[in-house]
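These notes concern the structure reproduced below.
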Amino acid sequence: MAPISIADIVAALPAEDTWGPAASEDNMMDGVPYAPFSKGDKLGRMADWTGDSKGGDRGGRQAYNRNYRDQQVYGAGASSMFAVQVAEDESSFSVVDNTRTSAKRTFGRGGGTVFRGRGQRGGPGQRGGRAGFQRVGAGRGGQGGDRYYDNRGGRGNRGRRFGWKDYDKPQRTREPSITVRPDWNMLEEVDFNRLSKLNLQAPDGEDIESYGFLYYYDRSYDKAPVKNAERRLQALDRAAYNVTTSQDPVIQELAEKNEATIFAAADILSMLMCAPRSVYSWDIIIVHQGNKIYLDKRDGSSLDLVTVNENAADAPLEIAEASGKQEIINTPNALAMEATVINHSFALQTVVESNTAKVEFSHPNPFYNAEEETEPLASKGYKYRRFDLSLDSDEEPMNLIVRTEVDALAKNPTGGEDQHLVVKALNEFDSKAQGSGGSLDWRSKLYSQRGAVVATEMKNNSCKLARWTTQAILAKADGMKLGFVSRTNPRSAAGHVVLGVAGYKPREFAAQMNLNIGNGWGIVRTIVDRILALDTDQDENKVTKYILVKDPNRPVLRLYSVPSNTFEDDEDVAAEEEAEQKGEDDEEA
């Protein structure tokens with residue numbers, strides 16, 4: 001057989017069989033035009049028999065499946081090309097329900113009642129989802145109007161609805177209360193979620209010593225003021241002291257007698273116990289000397305100031321963000337200074353100063369020096385109380401002595417002993433200004449909607465009210481008097497008026513604002529145990545110093561180890577500057 005060449009094979013092929021795409025006249029399949037696929041079509045399953053069918057067994061509302069809502073059959077973009085065009089589009093018609101609906105509140109469709117409970121066990125297609133909030137009410141046309149609110153606070157599964165353009169607001173950056181120095185060593189960082197889970201049930205404390213004296217509270221402030229006759233807040237010159245723990249002569253004497261292991265003042269201890277509620281930065285100095293631990297504060301510490309709307313959703317603006325005179329007087333620092341002066345003046349004004357109606361404690365005021373002071377003393381009683389923070393596993397008892405304060409006395413309506421009161425003041429700067437936290441106008445709503453006013457203050461000033469309540473419980477005070485002080489003119493921080501006073505019992509007020517004293521004791525004991533674990537070889541003459549700092553922008557506490565002379569140099573420099581300034585003033589005089 002002769003060999004076959006390539007030329008013979010090519011010659012044997014039919015002439016019309018060519019390479020490449022088919023001609024346009026061949027692009028027909030039994031009379032059906034060819035439908036090219038779009039590159040934008042999503043590639044789903046190779047064969048999906050339910051994706052585009054409307055008349056099968058899964059038709060109607062039950063055919064919807066959330067698992068396939070984002071998928072599409074490949075080539076479905078061209079399916080409309082083969083759809084039969086109906087002469088009349090029935091989808092353009094709608095049925096209008098003209099039946100009257102009852103205006104009464106019902107639990108069926110059309111009602112607006114919101115209720116809470118376990119509900120029924122059911123899926124998204126049934127009302128009463130388990131452990132959720134349900135709003136019963138018809139939507140547009142009475143169909144599909146059921147909206148479900150889950151425990152996360154959001155609408156459906158989309159999460160909570162934030163405020164207007166929360167995503168567009170700049171991140172607020174706050175300054176720390178103290179600058180961390182390079183020679184400080186960070187030992188531990190703990191977030192507030194861990195602190196909130198601590199708990200220690202400590203028994204009621206016992207009184208050890210009492211100092212100072214008290215006047216009686218003026219009950220006329222409890223009455224509603226007459227219109228156009230508001231009481232102006234007066235600035236009285238009285239000597240009041242807020243000495244730190246280690247400089248208290250009474251605590252120094254009690255420490256020498258080994259009366260306790262931990263020593264603190266009520267304003268410092270309350271800040272530590274209410275730390276999870278705080279937003280602004282603060283710091284506490286912890287001094288471990290021998291077998292004693294002192295909780296101290298710096299000169300000019302932020303613990304001495306009273307914050308305003310610290311916990312509000314839209315807190316007052318910082319100085320860098322404020323613009324204009326009106327906003328500058330409403331910055332956090334300006335409002336804190338204003339609130340501190342208001343609290344000092346309000347506590348002095350609401351007592352009846354009378355030498356005949358005056359109750360002396362066991363000892364005189366330990367901080368007053370009659371030879372140097374020219375101002376009369378303010379009504380203030382200091383009660384040194386001891387609390388037992390021991391655990392069952394402790395070999396030795398662990399006690400804490402705290403200096404507590406009470407401001408006034410009140411007659412007991414049952415005829416028993418006089419009641420000790422803690423007097424504080426809430427202040428309103430401008431209900432319409434930025435940072436007011438949505439508070440009501442006190443002048444018009446204080447006595448008609450007092451509950452709403454107090455609830456708003458609990459929300460916007462949760463940390464401040466928690467500290468005051470904790471201080472009252474530590475002092476074993478019988479009552480709290482909260483004054484409502486407002487500016488005479490919202491545009492000026494110079495003048496203030498007293499709009500009213502509300503009285504509460506500390507334990508009941510703590511229950512209203514969900515304040516757990518056991519959690520505060522757990523925080524204190526945890527910090528103390530950490531300090532003792534760091535200084536296992538502590539000598540009687542050895543002094544170690546730490547500082548606990550709250551992060552200004554995060555709910556975090558940081559514990560630093562600092563040199564023993566860290567803040568003593570600052571105090572010496574401040575004392576020298578004060579002496580130089582005093583000498584210059586004497587020369588000018």
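Considering amide H positions built from the backbone, and no H for Pro or chain starts, which residues 5 or more places from ARG298, or on another chain, come under 5 Å of its amide H?
Excluding prolines and chain starts, which carry no amide H, the hits are ILE285.
What is the Cα centroid distance between region 178-207 and region 356-405, reported in whole angstrom?
24 Å
Using the Karplus curve 6.51 cos²θ - 1.76 cosθ + 1.60 with θ = phi - 60°, work out ³J(HN,Hα) for each residue of region 211-223 in order, rounded to whole Hz, and write x for Gly and Pro.
Each residue of region 211-223 in turn: 9, x, 8, 9, 9, 8, 6, 7, 5, 5, 6, 6, 7 Hz.
If the chain between ASP539 and THR340 were fully stretched, how many nm would it gain, using 0.36 nm times the residue separation less the Cα-Cα distance? It would help to have the intermediate numbers written out before the result.
On the way: separation 199, 0.36 × 199 = 71.64 nm, distance 4.03 nm.
Stretched out fully, the ASP539 to THR340 stretch lengthens by 67.6 nm.
Which distance in nm do the two modelled labels at PHE213 and LYS476 give, with both placed 7 Å along the Cα-to-Cβ direction?
Inter-label distance under the simple model: 2.4 nm.
Taking Cα pairs under 8 Å and at least six residues apart, what relative contact order does region 339-436 come out at, in percent? Let's see the in-between values first.
Working: 94 pairs, mean separation 24.8, N = 98.
Over region 339-436, the number comes to 25 percent.
Say each of ASN565 and LEU236 gets a label point 7 Å from the Cα, pointing the same way as Cα to Cβ; how far apart are those two points in nm?
About 4.5 nm, to one decimal.
Can you sort ILE262, ILE531 so the residue with the fewest Cβ neighbours within 10 Å comes first?
Details: ILE262 23, ILE531 19.
Fewest-to-most ranking of ILE262, ILE531: ILE531, ILE262.
Could you put GLU360, GLU230 in order, starting from the residue whose Cβ has the fewest other Cβ atoms within 10 Å? Walk me through the numbers on the way to the answer.
On the way: GLU360 12, GLU230 16.
In increasing order of surrounding Cβ atoms, one gets GLU360, GLU230.
Evaluate the distance, in nm, between pseudo-label points positioned 7 Å from the Cα of ARG491 and of ASP183 along their respective Cα→Cβ axes.
Spacing of the two 7 Å Cα→Cβ label points: 5.2 nm.
Of the listed pairs LYS257/LYS545; LYS197/LYS380; LYS358/LYS505; LYS432/LYS505; LYS223/LYS297, which have alpha-carbon separations greater than 29 Å here? Write out the running numbers ahead of the final one.
On the way: LYS257/LYS545 22 Å; LYS197/LYS380 35 Å; LYS358/LYS505 23 Å; LYS432/LYS505 31 Å; LYS223/LYS297 38 Å.
Beyond 29 Å between Cα atoms: LYS197/LYS380; LYS432/LYS505; LYS223/LYS297.
Based on the alpha-carbon gyration tensor of region 272-363 and its eigenvalue square roots a ≥ b ≥ c, which shape applies: rounded if a/c is under 1.5, prolate if not and a/b is larger than b/c, or oblate? Working shown, then result.
Working: a/c = 2.70, a/b = 1.21, b/c = 2.24.
Because a/c hits 1.5 or more and a/b fails to exceed b/c, region 272-363 counts as oblate.
Find how much the distance from ILE328 to SER354 grows on full extension, using 0.36 nm per residue of separation minus their present alpha carbon separation; answer in nm with one decimal. The partial results should precede the final answer.
On the way: separation 26, 0.36 × 26 = 9.36 nm, distance 4.04 nm.
That pair, ILE328 and SER354, stretches by 5.3 nm at full extension.
What relative contact order, as a whole-number percentage, does region 193-347 give when Cα pairs under 8 Å and 6 or more residues apart are counted? Kindly include the intermediate steps, with their values, before the conclusion.
On the way: 121 pairs, mean separation 30.1, N = 155.
It rounds to 19 percent for region 193-347.
List every residue whose amide H lies under 5 Å from the amide H of GLY500, counting only residues 5 or more places away in sequence or on a different chain, with H placed 1.01 Å from N in the peptide plane.
Here PHE484 satisfy the definition.
So what's the net charge close to TRP184: Lys and Arg +1, Asp and Glu -1, counting the other residues with Cβ under 11 Å from its Cβ? It would help to have the intermediate numbers written out before the result.
Working: positive: ARG181, LYS545, ARG558; negative: ASP183.
Combined, the nearby Lys, Arg, Asp and Glu give +2.
Could you give the length gained on full extension between ARG174 and GLU259, defined as 0.36 nm per residue of separation minus the Cα-Cα distance, in nm? Present the calculation step by step, with values, prior to reporting the outcome.
Numbers: separation 85, 0.36 × 85 = 30.60 nm, distance 4.05 nm.
Here the segment from ARG174 to GLU259 would lengthen by 26.6 nm.
Using amide H atoms built 1.01 Å from N in the peptide plane, name the residues 5+ places from SER390, or on other chains, whose amide H lies under 5 Å from its own.
Counting only residues 5 or more places away or on other chains, the set is MET398.
Which residues in region 282-302 place their backbone N less than 17 Å from a point set 7 Å from the Cα of ILE319 along the Cα-to-Cβ direction?
Taking a point 7 Å out along Cα→Cβ of ILE319, the residues of region 282-302 whose backbone N falls under 17 Å are 300-302.
Coordinate-derived values only; no laboratory data. As the structure is a computational prediction, the values presented were derived from the model and not from experiment. Cβ coordinates were reconstructed from backbone atoms using ideal geometry, including for glycine residues, and neighbour counts include every protein chain displayed.
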